[in-house]
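Written below as structure tokens is the structure these notes are about.
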Amino acid sequence: MDSGDCFSGKEREVMRNALLVSNAQTPEQATVVSRAAAKLLDRGMTPMLEPEEKPRLSALGVDTSVIEEFSGQEIEVGVVLGGDGSILRAAELLRGQETPILGVNTGHLSLIHI
């Protein structure tokens, strides 16, 4: 057995973090964020938000108790629910990481096409 595969008899736990980036302004838009966080949790991923986003989304009805705060942790995927500005924000937050970004356009105008 390769010594790199042995962790004292225990499997190494891999953190699977997903960064949620949204510019939700209405309870309806916040519901989309809530559903995305629930789907990520169902798939064994930890949904994360920027710390300053949690109170704003909480005020819109999102249960942020199940969402961790992002402070530079390694992210497996960025999930953007918004428009061009939200995609640019995610790219800025994930700069330096080789992380794919999935953009779901919920804005009114889209100029960025990936």
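In which sequence would S34, S65 go, from the one with the fewest C-beta neighbours within 10 Å to the one with the most?
So the ranking, lowest neighbour count to highest, is S65, S34.
Just rank T26, T64, fewest to most, by other beta-carbon atoms within 10 angstrom.
T26, T64
Normalise the Debye intensity by I(0) for the range 14-105, one equal point scatterer per Cα, no solvent, then take log10 at q = 0.11, 0.19, 0.23 Å⁻¹ and round to two decimals.
For the requested q values the scattering log ratios are -0.25, -0.80, -1.21.
With an 8 Å Cα cut-off and a minimum separation of 6 or more residues, compute the relative contact order for the range 14-105 in percent.
Averaging sequence separation for qualifying contacts and normalising by length gives 35 percent for the range 14-105.
For L88 and E68, what is the calculated FRET efficiency with R₀ set at 25 Å and r taken between the beta-carbons, to the nearest 0.05?
0.65
Quick note: the coordinates plus some simple rules give every number you see, no bench work behind them. Nothing here was measured: the structure is a model prediction, and the numbers come from that model. Note that we place each Cβ from the backbone using ideal geometry, even for glycine, and neighbour counts take in every protein chain shown.
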